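As structure tokens, the structure follows; a few thoughts come after it.
The values are calculated or read from the model by the stated rules, or taken from the named source; none is laboratory data. Because the structure is a prediction, the values reported are computed rather than measured. Virtual Cβ from ideal backbone geometry, glycine too; neighbours counted across all protein chains shown.
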Number of protein chains: 2
Amino acid sequence: MPSPVKQLCSLVLATTALLAGINAFATDRGKLAPLMLQEQGSFAAGGNVASAPGIFDPRKPMEPAGQTYHGDHAYAFYQIPVDARKYPIIMWHGAGQFSKTWETTADGREGFQTLFLRRQYGVYLIDQPRRGGAGRSMLEASLKPAPDEQLWFNQFRIGLWPNYFKGVQFAQDPQTLNQFFRAMTPNTGPFDMDVVSDGVSAVFDRIGPGILFTHSQGGGPGWLTAIKNDKVKAIVAFEPGSSFVFPQGEVPAPIPSAFDTVQGAVVPMSQFMALTRIPILVFYGDNIPDQPTDFPAQDSWRARLQMARLWRDAVNQHGGNVSLVHLPEIGIRGNTHFPMSDRNNIQIADLVSRFLAEKQLD
Amino acid sequence: MPSPVKQLCSLVLATTALLAGINAFATDRGKLAPLMLQEQGSFAAGGNVASAPGIFDPRKPMEPAGQTYHGDHAYAFYQIPVDARKYPIIMWHGAGQFSKTWETTADGREGFQTLFLRRQYGVYLIDQPRRGGAGRSMLEASLKPAPDEQLWFNQFRIGLWPNYFKGVQFAQDPQTLNQFFRAMTPNTGPFDMDVVSDGVSAVFDRIGPGILFTHSQGGGPGWLTAIKNDKVKAIVAFEPGSSFVFPQGEVPAPIPSAFDTVQGAVVPMSQFMALTRIPILVFYGDNIPDQPTDFPAQDSWRARLQMARLWRDAVNQHGGNVSLVHLPEIGIRGNTHFPMSDRNNIQIADLVSRFLAEKQLD
């Protein structure tokens, strides 16, 4: 087939996909334009190796002598659309979650993985070291099936169990909740900010410059990743949970809440300054109280949002470029802790797209 | 855009992809035709729920009282190409592995996930219950980073550590071995044939009829899945490891090896007969000795291949349709325990495609 015909077809279909993305997303799955991928695949990045002393005896394979163990790598699954934009997006899950965070939503719509592919971005989904497919940990773990989902229902601000928040952007059928709870997977080793940021930094080393999306617990090590690796060209952080970093001498007073006390973390000024050199967009959703409450789940987010604002101000005072969007303040209501998979996730994606366009990252 | 133009473009590009698949696979990644996907996404299927007694107190969220725990589901990531064939393929990993088994090969080529998408099959990748993204187990587990990779190097018949088998279909650079070892992830609960086959059966309940590909440890519960669910329309089993099922009174004598003793498992005749009603293709690779050896890794496969042949005969004697292909016997040499990701995986995919065509499953 002559190449120009193929290119024209690619262009026509890509344009269709783009228009579909803007005009007809998720209204009728059957009518969505095809996804056109140039390439997809997966790899491990980073990690460490342990070796048992001695010499391996192939007749005694169950003995560790002379054997190795590779662990603490990140795992990434990637897709590159035809005619991809300049920078890919690396999407990093939060606590108790894995790459699924960015895939199909609990109520069965397209998540950010596919939405941003349709918007012509390369997309890399991460399982951080010691989570999901990146399960080989250099340290031991003991896993117990502890009932904890009502905690998460509240902590993720879907409602106050068993009630949903009024107007919440989360479908209220039992099957959605079933899928939501089954999107969790445990740590297979202790959570370690340095280990996970090393793993994601190694992903950037492999793929080159890109845009980092973080969710929740991924927020803190996300800042560290940008400090460690200047291939992180921007960060979009969805409800970063804690571990905001400040330069020595500028750490704000701890903020107590009914859940815990939120503390800033200290980094040397030279590291902190790395965060002033990239555009950063931070989102928080709805149902975060202004005033203290004795419900730990909601109160924890009051304290985190407050610390996030102090952090935004600190970075910007040093010449940074952080925007913090508390969605209700711009009239977008009902978002949970997962704005990227909430029912209005196309509206959220539009805000992200606009940010990336404004910063000339698209 | 007028729909006929779009359809023509889809057809043209799909044809290109097909031709590329046949003629130009993996010779130059930059020249591969685009993948055209109608849809992609992920979901959990099956599983159980535990509940702690008592009433949940939102002010004491760390206490289990009144909380639930969803676990033991399977996780599936799927992609449906444009103009997909009748049946999708459900790909199920083996021991110590996860969905990555079918993705990019350790040396960076396209795995069966993408190869069969290019051949216009819908593809579902499974993480079985208690593995990878399906990590929430209903039972406890204790994970230890035990050095064991030289065992796997031998067990997976890449060679006899530290030597590679002569002519092995596995790239011998260190980076490939690094990726290979990092494709492992631990069980997050005890391996249980019933639990994992229930999970995969639930995937079939959700998606409807399909073709099951199994690898290694997935082989045994693969037979159980076909017994449990008649939506399994065919099985292609790559080096099924053990747990071959026989009807009562027809179980062959155990086969001892330097690794373990391979035993047939008993199922009622009515269940066994389910396996006679679908076409089944079984592959074994190279470097499986004919005669006993004191190297446990290779000897284990001698015993397994022997049991597999007895099983093939038993199913076929009851009217079944099992083909067992020991690759060296048809002149295909050097395959490891992972024929679907070996260097000649396109040749293996061609054998699978021919089988599916012959059985009118395409």
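Numbers at a glance
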item	result
Strands (runs of 3 or more DSSP E) within the stretch B:256-362 that include 3 or more residues more than 18 Å from the chain's Cα centre (by Cα)	B:265-267
Top-ranked residue of the stretch A:124-140 - restricted to ones that are more than 27 Å from A:Arg304 (Cβ to Cβ) and either within 20 Å of the chain's Cα centre (by Cα) or without any contact (Cβ under 8 Å) to a residue 40 or more places away in the chain (or both), ranked as surrounded by the most Cβ atoms within 10 Å (Cβ to Cβ)	A:Gly133
Set A:Thr214, A:Thr176, A:Thr185: member being in the same structural domain as A:Arg302 (by TED's automatic domain parsing), in a helix (DSSP H, G or I) and β-branched (Val, Ile, Thr)	A:Thr176
Neighbours by Cβ (under 6 Å, 6+ apart or cross-chain): first from the stretch A:330-346, assigned by TED's automatic domain parsing to the domain that holds A:His215; second at pLDDT below 95	A:Ile346/A:Phe25
Candidate set: the stretch B:141-195, residues that are hydroxyl-bearing (Ser, Thr, Tyr) and in contact (Cβ under 8 Å) with a residue 24 or more places away in the chain; chosen: the one surrounded by the fewest Cβ atoms within 10 Å (Cβ to Cβ)	B:Thr176
The stretch A:141-173: number of residues that are closer than 19 Å to B:Ile55 by Cα, over 21 Å from the mean Cα position of the chain (by Cα) and not in a loop (DSSP other than H, G, I, E, B)	5
Those residues of the stretch A:217-244 which are without any contact (Cβ under 8 Å) to a residue 40 or more places away in the chain and either outside the structural domain of A:Pro279 (by TED's automatic domain parsing) or in a loop (DSSP other than H, G, I, E, B) (or both), in sequence order	A:Asn229, A:Lys231
Residue count for the stretch B:291-306, restricted to those that are of a type in the set (A, V, I, L, M, F, W, C), touching a residue at least 60 places away in the same chain (Cβ under 8 Å) and crowded, with 21+ Cβ neighbours inside 10 Å	2
Tally of residues being among the acidic types (Asp, Glu), within 30 Å of A:Asp290 (Cβ to Cβ) and surrounded by fewer than 19 Cβ atoms within 10 Å (Cβ to Cβ) across the stretch A:220-275	2
Pair list, Cβ under 7 Å, 6 or more apart: the stretch B:249-276 residue within 30 Å of A:Asp57 (Cα to Cα) and touching a residue at least 40 places away in the same chain (Cβ under 8 Å), other residue part of a loop (DSSP other than H, G, I, E, B) and among the aromatic types (Phe, Trp, Tyr)	B:Ala258/B:Phe295; B:Gly264/B:Phe244
